[in-house]
Structures are given as structure tokens and as C-alpha cells.
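Visitor: Let me give you the structure first, and then I'll get to my questions.
Where a number appears in this text, it was derived from the coordinates with a stated rule and is not lab data. Note that the coordinates shown come from a computational prediction; the quantities given were computed from them, not determined experimentally. Virtual Cβ from ideal backbone geometry, glycine too; neighbours counted across all protein chains shown.
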Amino acid sequence: MSEQLAPIVANYLAKEQSIQNEGQPVAEKLPLPTIDQMPEEIQDIAMEIAEVSGNWNPVEIYTADSESVAQEKEKVFGAFDKGEEYNPSLTYSYANSLDFSTSRQTLKELMHKLRSTGQKSKPDDKERMGELSLERGPRLFRAALYFKLKDDLATCDLVDGIKARDEGKIATALKMKYAGTDESLVALAEDVFQRMTIEKPIDESEGKGLLTLEQKKFIKDMRFDAMGIKDAFEWALNEYGILRTDDNPRGYKVKIDKNATSIDVRDKSIEGATVFVPEDREMDGKTLLELIAHEIERHAVSSVNGWEMFRVGGGQLKIDEEAQYEGLGLRGESDLNKNLFGIEDSGPLPYYTLAVKKAEEGSSFFEIFKDQVDRRLRVALKKPLGTELPADIDKKTMDAAKRTAWLSTYRVMRGHTDMTNSKSFAMAKDIGYLRGYQIDQQFKERGLGYLNETAVIASGAMQLLAEVDISEDKLPIKFKDVATKYCLEVLLPQMEQAA
């Protein structure tokens, strides 16, 4: 497995030779270890990390105040309509309220402690005192905890950078937490975009998928506000036994929140493990089913699996780099669309990757926004790059392009305190959709799709997990396809009642 996966995942572990090179993968599989089987000192470090950063969520840190976002959005739209340029100025009250100085010192001490855990004294060989242990189970957990500590220290830098309006420090922290674009990823995004400007809408003909044409139309015509979304998510979480209540501490609660910009499953949050729903979010029934499949069945479930199997793969010890996690979520959407609606998988949208690329090249917020508007108009009007857009674009199409362009631009520029982007960087978390999709597809092709359901794992960690005997039957929570169940048992009966 290691030889198969190594070429397709980022080699994060190569960054730290003292952690990685304590031994080489061997042919004999290691029985699935749990942290409870590890030396007590490793268990203590894991729990101490959870105590320090268990409620930190970088999304909450680099999410700007909702009032400033709303005000600046209108200013950007107004400037665009007038043919002028305007870069917004956002405020980050939550980040500015934090003081991580004590936490930073504790994390540094834990890093030193972690580096010492592999040492063992050999009185009969004093020259080898301090030799790092080659035990494979502890080595796996030491590597995972090492990168968790590095991730948390980058979060400390992120907070300090935002508070000081130090774009250099913010850039360094975000680059540590989220890998940026690469040539192959950008080429794929450009190819997907070009095809989107040419391809016609999908024809959902009779006989494709489980649903009839009438049922498909009914589902698409249904409308759900934030409360309806919350109710559906709670139903799905309850089906898996991970709806957090006063009587059940396992899993997530669902909260409608004015500051959320997108549906977001957060293991780590000031609210505890929570699924956040924007208070102004509305959607149709098809989108709701896709989000149950993506956010609940893949994100929430894999996070709980990671916590219960490894501790370091979910919950309070989950890493913030989520490429494979997002790839798994997209698999959930793809499978649902194929099974219910007969829609073959077309892969994730390219917009975030293209926006991140422009930010990495030094484009300002407004320059990225203009490019995103142009691209969305070209897709809507089927006008490939190199052709002219019409001068008289109708208001509905233009408004939709501006609205979606704002969201992608804002998301990749979160955390910036200078929207002219003087340090040429992006908040690159969202390119995980396209990159994670590529990785997850290759897992599936090799019959290893279940590995991505075991935990929220950094790509490079596959090199260590390749040594572990993991099989699908060892998953604490197995896939149930509750999105299809919700469609058949909750939504479609409403069609009969309306008839």
C-alpha cells in the first residue's frame, strides 16, 4: 500500500527527519494500535494538547465580523458596478480578543517533551544513550502528535499576526497550515473550467437513478431555510448515534449562526463539536440531500471514527489540513447524485483553486473578485476564455455571478488585514476540495476507499498508516447512506401528502 500511495500524497513527514526516520515500513502489518496502548507519556502529551487547543478552530479565528463583511460586500459590489476598484477592510474581533502567549509556551514545552519520549537509557552501552525507539506503534503516534503541535503553533502565529496586522506572519502561518497550489492542480482546475464553459446542463432522463422525473422535480422544488436544514442534520446525526444532547455526549450539536458563511462541521470550536448553519442559508431539497451525504455522513462520521480509533484523527486533536477529508465529502455527494438522480460524477468546481492561484500571484481582493465574476459569467453564458462576453447581461445572471464570486474571493482572502495582498498569499484551505477529490478517487481505484473513512488524516500520514492492519470492519461507525433514507422516508412522503 505504501508504494501505491506515496506518489500521490504530499510528503509532509519528510519535513521532520527526527520523527520520520526512526525506522522503515516493513512487510508485516502492525495490529491496529490505539492511544490507550501507547506509553503513558504519549497518552499524557495527547491529552495535554487537547486541553490547550481542543476548542481552537482556525475558521473562527480568520472569519471576519459579520457586520464588516456585509458592509464591505456592498462597497465592493458598488465599485464593480461603477467600473471602479475597491479593496475591503475587514475586522476580526474574535481573533483580536485572544491571547495565546501562555498556550504557545505550553505547546513548546510539549514539543520538547514529545521529542524526549523515544529516548531510552542503556547502561551497558552509554554511547547509545538517547537512541530513538524503533517501536512502530509509538512512532506512528509520535509523528501524528508532532504535526498536531506544529499545526497548533502555526495557529498561535496566525492569531498574533492578525492582532498585529502583520501580513508576513499571517502568510507564514497559513502556508504552514494549508498547502498551496501546484502546477498539476491548477492545470486540472483550468481544464475543468474550460469544459464548464462549453458543456450543456446535465440531462436527467427517465430511468437514470432511483427517483422518477416527477420525484426529482419535487425534491428540487422543495425549499429549506436554516431551521429546516438544522432539523434534517439533527435527524441524520441521530441515525448514526452522534447527535450530541444532554443524554448523549458523543458527536455533534447543530447551531444556526449569523457569523457562519457556509455549512461547517467543526470538531474543535468554542461551542464544542458543532455543525454550523448560516442563519440566512436557504436551499432546495437536492442540495440538502447532498449536504447530508457530505457534511454528516462523511465529515462528521469520519471525525468521530478518528477520535474513537486514534484520538489524533478527530475531535479535539484533529488537524486543520483537510484535503482528504474534503475528498471524502465529495465522494458522498457524488454517490448520492448517481444513485438517486442518475448524475454521473463531474468532480468539484474549479473556482477556489483558481482564486487561490491568483492570490499567490499577488492579486488584490478586487482583482480576484473581478476574475471570479468573469469566470462565472462565462460558465453561465457558455462563453469560453478568448471570446467576448455580451455587453447587455441580464441582472439576474450578473447578480448571481457577483454573489458567488464574492463568496469564493472572501473565503480565500480570509485572515488578510491588507486586502491589496502585499505578501502574495491565500487562505488555501478550500483547494482541499479539488486536491482531496483526486486523492480519494485514487484510494477508491485501489480498493482502499475505507481508509479515508477512518479519520481526518494529513496526506503524508498514509506512509505510516500503510504499516497498520486496518480493514473496513474495524470502523466504529460504518456508512449507512442515511441521505437516501431521509429522501425516501421523510421527503418523498410529503409528495404524496401534497398530491
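Visitor: Can you give me the relative contact order of the chain as a percent, contacts being Cα pairs under 8 Å and 6 or more apart?
Guide: 23
Visitor: Quick one: angle between helix 167-177 and the longest Cα principal axis of the chain, in degrees between 0 and 90, rounded to 10, please.
Guide: Relative to the chain, helix 167-177 is tipped by roughly 70 degrees.
Visitor: Which angle from 0 to 90°, rounded to the nearest 10, does the C-alpha axis of helix 136-164 make with the longest principal axis of the chain?
Guide: Approximately 60 degrees, to the nearest 10.
Visitor: Rank these for me by crowding, Arg446, Arg139, going from fewest to most other beta carbons within 10 Å.
Guide: Listing Arg446, Arg139 from fewest to most nearby Cβ atoms yields Arg446, Arg139.
Visitor: Can you check what the net charge comes to around Met227, using other residues whose Cβ is under 11 Å from the Cβ of Met227 (Lys, Arg +1; Asp, Glu -1)?
Guide: Local charge sum for Met227: -3.
Visitor: Suppose we keep just the alpha-carbon trace of the range 371-499; what are its Rg and Dmax in angstrom?
Guide: Looking at the range 371-499, its Cα Rg and Dmax stand at 21.9, 61 Å.
Visitor: What's the center-to-center distance, using Cα atoms, between the range 235-307 and the range 50-85 in Å?
Guide: 22
Visitor: Another question about this same structure. Classify the range 58-115 as rounded, prolate or oblate, taking a ≥ b ≥ c as the square roots of the eigenvalues of its Cα gyration tensor: rounded when a/c is under 1.5, otherwise prolate if a/b is larger than b/c and oblate if not.
Guide: prolate
Visitor: Decide, for the range 170-319, between rounded, prolate and oblate: order the square roots of the alpha carbon gyration tensor eigenvalues as a ≥ b ≥ c, take rounded if a/c falls under 1.5, and otherwise choose prolate if a/b is larger than b/c, else oblate.
Guide: Values: a/c = 1.90, a/b = 1.15, b/c = 1.66.
It is oblate, given that a/c is not under 1.5 and a/b is not larger than b/c.
Visitor: Towards the positive end of the charge dipole of the chain, with charges on Cβ (+1 Lys, Arg; -1 Asp, Glu), say which of Phe218, Gln105, Leu30 has the farthest Cα.
Guide: Gln105
Visitor: Against the longest principal axis of the chain, how steep is helix 395-412, in degrees 0 to 90 to the nearest 10, with axes from Cα atoms?
Guide: For helix 395-412, the angle is close to 10 degrees.
Visitor: Read phi for every residue in the range 100-106 and hand back ³J(HN,Hα) as whole Hz from Karplus 6.51 cos²θ - 1.76 cosθ + 1.60, θ = phi - 60°, with x for Gly and Pro.
Guide: Residue by residue, the range 100-106 yields 9, 4, 5, 4, 4, 5, 5 Hz.
Visitor: Here is a further query. Find which of Met309, Ala498, Ile263 sits farthest along the positive direction of the dipole of the chain, computed with +1 on the beta-carbon of Lys and Arg, -1 on that of Asp and Glu, about the Cα centre.
Guide: The one lying farthest along the dipole's positive direction is Ile263.
Visitor: So, one more: Exceeding 27 Å between C-alpha atoms, which entries from my cross-link table qualify? They are Lys216/Lys402; Lys255/Lys478; Lys108/Lys429; Lys82/Lys396.
Guide: Exceeds cut-off: Lys216/Lys402.
Visitor: Something else: For the chain, what is the charge dipole size about the Cα centre, in debye to the nearest 20, if Lys and Arg each add +1 at the Cβ and Asp and Glu each add -1 at the Cβ?
Guide: Here the size comes out at about 520 debye.
Visitor: Based on Cβ point charges of +1 for Lys and Arg and -1 for Asp and Glu, what charge dipole magnitude is obtained for the range 198-349 about its Cα centre, in debye rounded to the nearest 20?
Guide: The calculation lands at about 240 debye.
Visitor: Which whole number of Å³ per residue matches the convex hull of the alpha-carbon atoms in the range 286-397?
Guide: Considering the Cα atoms of the range 286-397, their hull volume per residue is 161 Å³.
Visitor: Give me Thr484, Thr397, Thr387, Thr454 sorted ascending by neighbouring Cβ count inside 10 Å, so fewest comes first.
Guide: Taking fewest neighbouring Cβ atoms as first place, the list is Thr387, Thr397, Thr484, Thr454.
Visitor: Rg(Cα) of the range 29-71 divided by 2.2 N^0.38 Å?
Guide: Compactness ratio reported: 2.00.
Visitor: Also: Can you list residues whose amide H is under 5 Å from Ile256's amide H, if they're 5+ apart or on another chain and H is modeled 1.01 Å from N?
Guide: Close amide H contacts, sequence-distant or interchain: Val277.
Visitor: Can I ask one more? Assign one of three labels to the range 394-438, namely rounded, prolate or oblate, based on the Cα gyration tensor with a ≥ b ≥ c the square roots of its eigenvalues; rounded applies when a/c is under 1.5, prolate when it is not and a/b is larger than b/c, and oblate otherwise.
Guide: Details: a/c = 3.42, a/b = 1.26, b/c = 2.71.
It comes out oblate by the Cα gyration axes.
Visitor: Using only the alpha-carbon atoms of the chain, report the extent along each of the three principal axes, biggest first, to the nearest angstrom.
Guide: For the chain, the Cα spread along each principal axis is 85, 52, 45 Å.
Visitor: Once amide H atoms are placed 1.01 Å from N in the peptide plane, what residues at a sequence separation of 5 or more from Asp264, or on another chain, have their amide H within under 5 Å of its amide H?
Guide: Phe276
Visitor: I've got another one for you. Picking from Trp56, Ser471, Ala359, whose Cα lies most toward the positive end of the charge dipole for the chain (charges on Cβ: Lys, Arg +1; Asp, Glu -1)?
Guide: Toward the positive end, the furthest listed residue is Ala359.
Visitor: Right, here's the next one. Using Cβ counts within 10 Å as a stand-in for footprinting exposure, how do Leu317, Leu407, Leu149, Leu385 rank, fewest first?
Guide: Going from least to most buried by this count: Leu385, Leu407, Leu149, Leu317.
Visitor: So if R0 is 41 Å, what FRET efficiency would Glu183 and Ala498 give, r being the distance between their Cβ atoms, rounded to the nearest 0.05? Please list the in-between numbers first.
Guide: Values: r = 52 Å, r/R0 = 1.26.
Taking R0 as 41 Å, the efficiency between Glu183 and Ala498 is 0.20.
Visitor: I've got another one for you. How large is ³J(HN,Hα) for each residue in the range 231-236, as worked out from phi by the Karplus curve 6.51 cos²θ - 1.76 cosθ + 1.60 (θ = phi - 60°), to whole Hz, x for Gly and Pro?
Guide: Couplings: 4, 5, 5, 5, 4, 5 Hz.
Visitor: For the range 372-382, what does the Karplus curve 6.51 cos²θ - 1.76 cosθ + 1.60, with θ = phi - 60°, yield as ³J(HN,Hα) per residue in whole Hz, taken in order and with x for Gly and Pro?
Guide: 5, 4, 4, 5, 6, 5, 5, 5, 5, 9, 6
Visitor: Sequence-distant or interchain residues sharing an amide H contact under 5 Å with Val468, placed H: which?
Guide: So Val468 has HN proximity to Leu30.
Visitor: Let me ask something additional. How compact is the range 232-304 by the rule of thumb for globular proteins, expressed as Cα Rg over 2.2 N^0.38 Å?
Guide: On the way: Rg = 11.5 Å, N = 73, 2.2 N^0.38 = 11.2 Å.
For the range 232-304, the normalised Cα radius of gyration comes out at 1.02.
Visitor: At a 10 angstrom cut-off on C-beta neighbours, averaged per residue, how do the peptides 354-367, 77-90 rank from highest to lowest?
Guide: Working: 354-367: 21.5, 77-90: 14.7.
Averaged packing, sorted descending, gives the order 354-367, 77-90.
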